């Protein structure tokens, strides 16, 4: 599986760059603390987490390293339970942007579940900044996930603003079968392409820039699974929705 990720990353790095001048290197470091770790509506860590992140970008090529640390492990084992590595390439257009990339998900405590996804994200410079992302798992799940979002930013004071974001996700039948087995009504070998809305979230964030290079961002999000995905989690005794607080500090160069 790791070889698949390396192959995809290699192909991405071979994107033609003839005539493209290598620009300045942009670096960013961030540390966030959140009440829970939710991913696409699914509660992966039920309790406070710390999520450090490092990213670099040059000439449209990007590398991102991200981790999740369980800060409330009852056994006192405060260790990282996930590392993600993302390699991407972005293209700027007159009224839109397009990003292509691959993500490798490494789970130290369950390495058999490590997987990789290829993705494409399109964002438009229009009112509400609409975006659409498509993810394709190339290893464990062999399914598709689509995510649409809108956002609005409002200046509150010099150096401070209010950012509102809403997003919704939809998964293919194979995606549902992989992450929500009880919700899958079709066998994996049917070859159908049925899909279903799986989750949504709304977020309010208050980024504040104490210096030109630093940002502190408190946030509050409501995330929820819906339809069969939510019903399957509730049937198993879980919660399909959660309110998540967070605060992140970042610095960019």
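Considering 41, 35, 67, the condition of being surrounded by 15 or more Cβ atoms within 10 Å (Cβ to Cβ), at positive phi and either in contact with a helix residue (DSSP H, G or I) (Cβ under 9 Å, 6 or more places away or on another chain) or modelled with pLDDT of 95 or more (or both) is satisfied by 41 alone. Against the test of being closer than 21 Å to residue 221 by Cβ and not in a strand (DSSP E or B), the options 72, 51 yield a single qualifying residue, 72.
Listed here are the residues, each with its yes/no results for (1) assigned to a loop (DSSP other than H, G, I, E, B); (2) over 18 Å from residue 195 (Cα atoms); (3) under 18 Å from the mean Cα position of the chain (by Cα).
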{"residue": "109", "(1), (2), (3)": "yes, yes, no"}
{"residue": "112", "(1), (2), (3)": "no, yes, no"}
{"residue": "120", "(1), (2), (3)": "no, yes, yes"}
{"residue": "132", "(1), (2), (3)": "no, no, yes"}
{"residue": "155", "(1), (2), (3)": "no, yes, no"}
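Per the conditions (1) assigned to a loop (DSSP other than H, G, I, E, B); (2) in contact (Cβ under 8 Å) with a residue 24 or more places away in the chain; (3) within 21 Å of residue 203 (Cβ to Cβ), the sole criterion not satisfied by residue 127 is (2).
For residues that are free of Cβ contacts under 8 Å to residues at least 12 places away in the same chain and part of a strand (DSSP E or B), tally how many sit in the range 194-253. Of the residues in the range 194-253, 1 are free of Cβ contacts under 8 Å to residues at least 12 places away in the same chain and part of a strand (DSSP E or B).
Here the condition is being crowded, with 18+ Cβ neighbours inside 10 Å, modelled with pLDDT of 95 or more, under 18 Å from the mean Cα position of the chain (by Cα) and farther than 23 Å from residue 115 by Cβ; of 246, 241, it holds for 246 alone. Residue 112 falls short on exactly one of the conditions (1) more than 25 Å from residue 169 (Cα to Cα); (2) surrounded by 14 or more Cβ atoms within 10 Å (Cβ to Cβ), and that condition is (2). Which ones in the range 134-153 are modelled with pLDDT under 90 and either buried (at least 18 other Cβ atoms within 10 Å of the Cβ) or part of a helix (DSSP H, G or I) (or both)? The answer is 141, and nothing else.
Can you tell me which residues in the range 70-86 are farther than 18 Å from residue 30 by Cβ and at pLDDT 95 or above? Hits for the range 70-86: nothing passes. Among the residues of the range 218-238, just one is over 18 Å from residue 198 (Cα atoms) and crowded, with 18+ Cβ neighbours inside 10 Å, namely 219.
The values are calculated or read from the model by the stated rules, or taken from the named source; none is laboratory data. All values derive from a computational prediction rather than experimental measurement. A quick note on method: Cβ atoms are made from the backbone with ideal geometry, for glycine too, and the neighbour counts reach across all protein chains shown.
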